[in-house]
1. Principal axis lengths of the stretch 349-424 from Cα atoms, whole Å, largest first?
2. Could you please report the charge total around PRO413, scoring K, R as +1 and D, E as -1 over all other residues with beta-carbon less than 14 angstrom from its beta-carbon?
3. Anyone know which of VAL25, VAL383, VAL201 comes out most mobile in the 10 Å Cα GNM of the chain?
4. For VAL380 and ALA50 in the same chain, what is the full-extension length gain: residue separation times 0.36 nm, less their Cα-Cα distance, in nm?
5. From the Cα trace of the stretch 42-92, what convex hull volume per residue do you get, rounded to a whole Å³?
6. At LEU354 and LYS141, where each label point lies 7 Å from the Cα along Cα→Cβ, what is the point-to-point distance in nanometres?
7. At a Förster distance of 35 Å, what's the computed FRET efficiency of GLU22 paired with TRP267, Cβ-Cβ distance as r, to 0.05?
8. If you build a Gaussian network model of the chain, linking Cα atoms that sit under 10 Å apart, which residue out of HIS149, HIS415, HIS90 swings the most?
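None of the figures in this text is laboratory data; all of them are computed from the coordinates on show. Everything numeric here is computed off the predicted structure, so don't read it as measured data. Neighbour counts run over all protein chains shown; Cβ positions are idealised from the backbone, glycine included.
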Amino acid sequence: MNEVGQATAQALLRRLAVEQSESRVPSLVAAVVRDGKVAWFGARGLVGQAPPTRRTQYRLGSITKSLVAVVVMRLRDEGRLDLLDPLGKHVPGTPFGEVSIAQLLSHTAGLSAEPPTDWWERTPGLPAEELIARLDPGISKHRAGRYFHYSNLGFGMLGELVARHRGTTWLQAVQREVLQPLGMGDTTARPREPHATGYAVHPFADVLLAEPEHDAVSMAPAGQLWSSTDDLARWAAFVAGDTGDVLPADTLAEMREPATVDDGDAWTGGYGLGLQLMRNAGRRLAGHTGSMPGFLATVWADPDDDLGVLFMANTTSGVKRTLLPDLLAIMAEMEPRLPAEWQPSPADPDLLALTGLWHWGPSPYVLRVLPERGLSLTPVSGVGRASRFVPQQDGTWLGLDGYYAGETLRVAPDHLDLNTFIFTRTPYDPSAPVPGGVDGWDVHPGM
């Protein structure tokens, strides 16, 4: 059953109601997405004279960036570009043509956060040619690759890259390659009815100021789109892993990998390839925040739990960042997901013979058989280098994750060779080819 229980629904609604009331939000919608479907929807406030519905549009702001990034990754998968390519190979004429596409996707290109125009979020946009003509070397603020420095300008350039490769606009490419296949028909570049009006709430009085709305043109890939709860819920399901035919699962997983962090040693927030990342209460979440004048939106997805949360509001500022983590906490407390039932899985005798203790020098590791002929090698202590491996046609094994991701494991009768590291059944087994030689273990009584 997909819908949450009555007690859970009431707890979720109360948290939403507190947020709308205390933060003075004209209208606020939120949803929990479980197993790809909306399990709970809540709304507070009014849009016009009625409460908002699951089809009421709000502006997404920077969530737009993630959809543009998907098209960039599709171009990579098609072989039309490499993530290490310099921007100048695809969009010549900028003074930062040496920065890579991957750096633009992860906000590590060192570019200015904003374009050299009037306040782009509040004024009509410029065509790409005019924007590029305004760029000068001072637009680069940091050495490429050194810092996470969020750049709306960078995604404006990625939108232009998409347009040039597809021979159309960035918007038409996103519509054709992402929105239509995912059934996100309520996601548009300009608002359609029913939609919320964006407002600024006066800081010292309960009055509203309508915010402007326009086409940002060359900067539109950084924050143009509008969407509904149902469409953003479908996007949450996509980020959690339900990609349909839009992206291969491993490409989406690559987008969710942390390329950089934005809070130093704490590592609670970071960025992948077009996706923001957050660690919260044991979860690793992927998604994006969004803001434009009059609007706030955020979507997070937990791929491990197939769970997503989202909110949209028609206010320039005010919604607390804790809203969605609080909704996740309510779900974890009141409706924790049951673990999958354990079931036996057949294993070939040759694999069973490999299982058990192996030693890297004096350190013991355990090798286990995983379903579908996979292997895992983990330190007994729980601290150290752990990786999973999958078989290759030549009889070797390829590391999937951890320190040995991409490395080759070779199995010999008396040892494992993991990219020159030798694992033996006993510590430093002298019968195995341990580099450096082994003289034997000395025993010193009384020591």
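1. 31, 24, 24
2. Value of the local net charge: -2.
3. Comparing VAL25, VAL383, VAL201 in a Gaussian network model of the chain, the most mobile one is VAL383.
4. Between VAL380 and ALA50, full extension yields an extra 112.8 nm.
5. 127 Å³
6. Here the modelled spin labels are 4.9 nm apart.
7. Working: r = 30 Å, r/R0 = 0.85.
Efficiency for this residue pair is about 0.75.
8. Evaluated over the chain, the most mobile residue of the options is HIS415.
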